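The values are calculated or read from the model by the stated rules, or taken from the named source; none is laboratory data. Quick caveat: nothing in here was measured; it's all calculated off a predicted structure. Here the Cβ positions follow ideal geometry from the backbone for every residue, glycine too, while neighbour counts run over all protein chains shown. Remember, those area values only see protein heavy atoms, side chains included, never the ligands or the DNA or RNA. Shrake-Rupley method; radii C 1.70, N 1.55, O 1.52, S 1.80 Å.
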2 protein chains.
Amino acid sequence: QGTRDHPPAHTALRDRLLAAVVTCFKRHGAAAIDTPVLELRETLMGKYGEQAKLIYELQDQGGELLALRYDLTVPFARYLAMNKVTNMKRYHIAKVYRRDNPATTRGRYREFYQCDFDIAGQFDPMIPDAECLKIVHEILSDLQLGDFLIKVNDRRILNGMFAVCGIPESKFISTCSTIDKLDKMPWEEVRSEMVEEKGLSPEAADRIGEYVQLHGGLDLIERLLQDPKLSQNKLAKEGLRDMKLLFEYLTLFGIVEKISFDLSLARGLDYYTGVIFEAVLLQQENDHVDVPTSVGSVAGGGRYDGLVGMFDPKGRKVPCVGVSIGIERIFSILEQRVKASGEKVRTTETQVLVATPHKHLLAARLKLITELWDAGIKAEMLYKKDPKLLKQLQYCEDMGIPLTAIVGEQELTDGVVKLRDVTTREEVRM
Amino acid sequence: QGTRDHPPAHTALRDRLLAAVVTCFKRHGAAAIDTPVLELRETLMGKYGEQAKLIYELQDQGGELLALRYDLTVPFARYLAMNKVTNMKRYHIAKVYRRDNPATTRGRYREFYQCDFDIAGQFDPMIPDAECLKIVHEILSDLQLGDFLIKVNDRRILNGMFAVCGIPESKFISTCSTIDKLDKMPWEEVRSEMVEEKGLSPEAADRIGEYVQLHGGLDLIERLLQDPKLSQNKLAKEGLRDMKLLFEYLTLFGIVEKISFDLSLARGLDYYTGVIFEAVLLQQENDHVDVPTSVGSVAGGGRYDGLVGMFDPKGRKVPCVGVSIGIERIFSILEQRVKASGEKVRTTETQVLVATPHKHLLAARLKLITELWDAGIKAEMLYKKDPKLLKQLQYCEDMGIPLTAIVGEQELTDGVVKLRDVTTREEVRM
């Protein structure tokens, strides 16, 4: 339940999509790593907040207590700590596992791909962070997914905001995960969860409500730097100054017009410590493709400076920032688009079918196809001793194979083959 | 335990190896599919004989009882049956899981890659089977692994042999898994396992012992077709006739000199019904590369005509034949070879590092690198506001980046960049 087989047409389209993502990651100098699907249970514990209940656990068959990885970020942090790597730019494309309620029509599965790019190391502020946003911008542009917006915020600004609104520090993280629901439910519901479930005072909730409605660009950052309350908070001020720097870099990258500093963006995971961001596709008015009304987030990420230290015996920190591309949602969109366009995705790359026009020519086919394979040409033949020519040509049409190489008695005698263009039916002897 | 992280150098080499395998699979017209890492436990039960104890099971957290896949063959058979596919040529490269005693120095892990190519469908005898052997031959040749031999046998010949040696049919499968150990232990030990553990009579064991020492080519097939006992057995005769046909096709493919018909080859899995095969690397006398004495099997496979029917509610059969490339062992060999040669495997593909020779030029670097990225060029820069030029050049040397694009005040004024070849130190302004 909540998993699926990927048939060839699906896999071919997905491989095309993943190739585009990998091309971008490599353009930014990332190396690939791979980690096991299995992690020690203790590695995953205490990293995902309320979502930890969704972790798949393996049965205790003797030996270590294991679980399936929930994301690629925690395994990356463990990898850095275990191997004492303090400096790395890596990508990792692999499946992760969540015992969630599957909503397969909306592209939510229990087994799904993540495509992560992360930069680990002690660097000057906001330069790697800006590159992560540039990568999101490049990928969403390359894939021609239509207009999009990248929302940006900073956990330090959120925490500062919570502090000046009178929320005790112990409730920062749980308040974050409530605010994170603002993209799915209206403020009134979020407010009542804050007051009734999280135990905030109504006044504190209302003060937060004023902030989280704000979004904008450099102007908003400047305004909040002057905000009489926020500007008094050390964390918020630090976050706002870095946000300003980030916007400078994004301007130099030429992508600032797609970025929105949005105080309602919180992200659910515990481990973020600085910049957080999320990319959403915008609904286009005259959109001929049938995109569902809410496509939701297609990329997200942020800075997590404390996670690696949790795996180091001496608690040594390695600052990290990274982005995860929501490949499954993007795939759903591309798949709908392919369907709408009527494009037939080829599932194989065969260039030529080796065919014979009459009986007793299997040996000729086997010899010719050997020549082709050994020359690196992608070739197929039907696995029949004496297939009908029509069947062979039909196979080419079904599979989109562009050429047929035909050998009959005459061709054998003349030492040639007849090459036929499947679409135009033109033939040449060669 | 028994799993491992793959660091960038490892992943880069493995990706190169997998690309070579995929190229071959695509040359033979295969489409890719993907199936979940999780399977229902009942899907895996009764398919692997004695090896079933090595299956990883998931904890019962409510819902279905799940396990991690043990190979890619059983999931493929389930896929065909579930989707009512009766005709397919597919490849699948993915990780599988076995709770085996890890022997990591010999390349045996609990999580490892399998690379499978399979042909499903009702076809004329031995044509797809021969193609599987051609694929093994192509891959082992392409990878330049040195001399190799592909051993071939047929379960029908084995079963016929067991019958004429007086073994009851109920013991065929368990006798097969004993014979399968002949490549690891001497005949005497195998014989005593047969007699003491599997309960065969000493006479039956000795008669088997005579057969399993035979190996050869067409001549041996002809001889066994005349064998007074074997030729009386219907199954054995069918197997021998098909073996003869196989050798004809392999001759046309031009690969017969690497094939050995070997009566000691049995293969451990329950589900084989016809041709079985296994490729082994041969030790070369003046081998400068330090290959361990026994590299063992690097590819294997066979025909399994009954497996799909086990998943079909009406038991409808889909004949299949396939091959699995032992990528982990091949990887170990390639890795040793790379080490021995001193070749440095690049882990990234970065073409140019954008550098500045003095302070206050971060904006110039960000602008130039944007131009490069947007033009599809793989470019990096250091994440420092004011890195020293020497540090930047050192980074290029460490990472194997061939070019540095340098912008200083002078270049900015002149509207040029200085392009430096990292190895030769030649510079051009452009």
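Quick look at the numbers
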quantity	calculated
Distance between the range A:376-392 and the range B:384-407 - C-alpha centres, whole angstrom	55
In degrees, nearest ten, helix A:73-82 long axis to first principal axis of chain A (Cα)	80
Alpha carbon centroid spacing (whole Å) that separates the range B:207-246 from the range B:30-95	34
The range A:76-180: radius of gyration over Cα atoms, expressed as a fraction of 2.2 N^0.38 Å	1.36
Cα pair distances exceeding 55 angstrom across the protein assembly as shown, given as percent	20
Computed [θ] at 222 nm, deg cm²/dmol, the protein assembly as shown (DSSP H ≥ 4; -39,500 (n - 2.57); rounded to nearest 500)	-11000 deg cm²/dmol
Share of carbon and sulfur in the accessible heavy-atom surface of the protein assembly as shown [1.4 Å probe, %]	50
Sparse-neighbour loop sites [trypsin sites (Lys or Arg not before Pro); the range B:42-98; at most 12 other C-beta within 10 Å; DSSP]	B:Lys84
Centroid-to-centroid separation of the range A:97-146 and the range B:329-361 [C-alpha atoms, Å]	26
Aspartates and glutamates with Cα under 19 Å of B:Lys198, excluding same-chain neighbours fewer than 8 positions away	B:Glu50, B:Glu169, B:Asp180, B:Asp183, B:Glu188, B:Glu189, B:Asp206, B:Glu210, B:Asp270
GluC sites (Glu not before Pro) lying in DSSP loop within the range B:348-430, provided at most 10 other Cβ fall within 10 Å	B:Glu426
Under-5 Å amide H pairs with A:Val298, H placed in peptide plane, nonlocal only	A:Ala279, A:Val280, A:Leu281
Residue among B:Gly302, B:Gly107, B:Gly322 with the largest mean-square fluctuation in a Gaussian network model of chain B, springs linking Cα atoms under 10 Å	B:Gly107
Per principal axis, descending, Cα span of the range B:329-389 in whole Å	50, 26, 14
Label 7 Å beyond Cα on the Cβ vector: B:Gln336 copy-to-copy distances, nm	5.4
Rounded to the nearest 10 Å², the accessible area of B:Thr423 at probe 1.4 Å	120
Cβ neighbours within 10 Å from other chains - mean over B:380-386	5
For chain A, alpha-carbon Rg over 2.2 N^0.38 Å	1.25
Anchor B:Lys234: lysines whose Cα lies under 19 Å away (excluding residues fewer than 8 positions away in-chain)	B:Lys171, B:Lys244
Chain A: most fluctuating residue of A:Asp386, A:Asp305, A:Asp242 per GNM, C-alpha cutoff 10 Å	A:Asp386
Scattering curve values for the range A:26-97, log₁₀ I(q)/I(0), Debye with Cα scatterers, q = 0.14, 0.19, 0.26 Å⁻¹	-0.48, -0.82, -1.24
Greater than 28 Å apart at Cα, pairs in B:Lys47/B:Lys314; B:Lys53/B:Lys184; A:Lys385/B:Lys134; B:Lys89/B:Lys181; B:Lys237/B:Lys317	B:Lys89/B:Lys181
Nearest-first distances (nm) between copies at A:Glu188, label 7 Å from Cα via Cβ	8.9
In sequence order, calculated HN-Hα J values of the range B:253-264 (Karplus, 6.51, -1.76, 1.60; Hz; x Gly/Pro)	6, x, 10, 5, 6, 9, 10, 10, 6, 10, 6, 8
Among A:Asn87, A:Asn159, A:Asn101, residue whose mean-square fluctuation peaks in a GNM of chain A (springs only between Cα atoms under 10 Å)	A:Asn101
Antiparallel bridge percentage (DSSP; both residues within the range A:8-341; nearest 5)	90
Backbone HN-Hα couplings from phi across the range B:174-186 [Karplus 6.51/-1.76/1.60, Hz, Gly and Pro as x]	6, 5, 4, 5, 6, 4, 4, 7, 4, 6, 10, 10, x
Principal axes of the range A:172-218: Cα extent on each, largest first, Å	34, 22, 20
Amide H within-cut-off set for A:Tyr56, under 5 Å, with H built and near neighbours excluded	A:Leu68, A:Arg99
Reciprocal mean inverse distance between Cα atoms of the range A:352-429 - Kirkwood radius, Å	12.3
Karplus 3J(HN,Hα) series, Hz, for the range B:219-224 with 6.51 cos²θ - 1.76 cosθ + 1.60 (x for Gly, Pro)	4, 5, 4, 4, 4, 6
Other copies of B:Ile377: label-to-label distances in nm, shortest first, labels 7 Å along the beta-carbon direction	3.9
Degrees, to the nearest 10: B:202-212 long Cα axis against longest axis of chain B	50
Degrees separating the helix B:327-341 axis from the principal Cα axis of chain B, which is the longest one	50
Estimated D of the range A:135-247 in µm² per second, where Rh is the Kirkwood radius over Cα pairs and Stokes-Einstein applies at 37 °C, 0.692 mPa s	215
Angstrom value of the Kirkwood radius, inverse mean 1/r, which spans all Cα pairs in the range A:118-181	14.5
Environment charge of B:Arg16, counting only residues whose C-beta is closer than 13 Å and scoring Lys/Arg +1, Asp/Glu -1	-2
